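Worksheet for the structure shown next.
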Amino acid sequence: MVESLLYGSGTAKEWKETEIIPHMPLRTRRWNDPEEPGDGHRLLICRYRPRGLPKGKETWDEWRKELGPSPELLAAFYGKRGAPPLSWPEYRKRYLAEMRERGPAIDELARRVASGEVITLLCSSACADPEHCHRTLLKGLIEARLPAGKRSSTDSGQGRRRGSGALP
């Protein structure tokens, strides 16, 4: 399609807006969301493998459980072991602290995205709110390591607000 836009006989007036698809090098979805064109490398970032999914039926290309929250953080977030559930701000703070130890893995993903690879970060099927999910926090950490011109259109890196996933 790009070739037809560059070399085709059509003029800019003839282009349809739907033909221009924004490049999103880093996406977030749930592991059970159907694969979409442009998902690229689907990377599962959950600590635990989804239950009930037979081997060979995976919807991801790679599993990096070390980029998911620790078992202790998950238990605290859900209020297991007799403690009240963690608030989102406390969970966010603890997850980002855990990810400080995962700098090399995050740097590797940033390099891959900067080189043009499309990566879709996949999380639990139960996580319906992407704004309150570690996949969005991890996306923010990766994007913070990208050169300004390589960030997604939704993150220019300027005016980053508190809570966006960047390390403090």
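The values are calculated or read from the model by the stated rules, or taken from the named source; none is laboratory data. Just so it is clear, the model here is predicted, and its values are computed rather than measured. Glycine also receives a Cβ, built like all others from the backbone with ideal geometry; neighbour counts cover every protein chain displayed.
The residues on offer are PRO50, PRO37, PRO54, and the sole one that is part of a loop (DSSP other than H, G, I, E, B), over 18 Å from the mean Cα position of the chain (by Cα) and at pLDDT 85 or above is PRO54.
Scanning the range 123-145 for residues that are part of a loop (DSSP other than H, G, I, E, B) and among the hydroxyl-bearing types (Ser, Thr, Tyr) turns up SER124, SER125.
The single condition among (1) under 20 Å from ARG27 (Cα atoms); (2) surrounded by 12 or more Cβ atoms within 10 Å (Cβ to Cβ); (3) not charged (D, E, K, R) that SER70 does not meet is (1). Scanning the range 110-166 for residues that are over 21 Å from ARG42 (Cβ atoms) and touching a helix residue (DSSP H, G or I) at 6+ places or on another chain (Cβ under 6 Å), which turns out modelled with the highest pLDDT? Out of the qualifying residues, it is HIS132. Within the range 31-58, if we keep just the residues that are buried (at least 18 other Cβ atoms within 10 Å of the Cβ) and in contact with an Asp or Glu (Cβ under 8 Å, 6 or more places away or on another chain), the residue that is nearest to CYS123 (Cα to Cα) turns out to be LEU44. Taking residues in the range 97-115 that are touching a residue at least 24 places away in the same chain (Cβ under 8 Å) and under 12 Å from ARG145 (Cα atoms), and partners anywhere that are of a type in the set (Lys, Arg) and in a helix (DSSP H, G or I), the pairs with Cβ atoms closer than 8 Å and at least 6 places apart or on different chains are VAL113/LYS150; ALA114/LYS150.
Residue pairs whose Cβ atoms lie under 6 Å apart, sitting 6 or more positions apart in sequence or on different chains, and linking a residue in the range 77-92 that is more than 19 Å from PRO130 (Cα to Cα) to a partner that is at pLDDT below 95 and not in a loop (DSSP other than H, G, I, E, B), are ARG81/ALA75.
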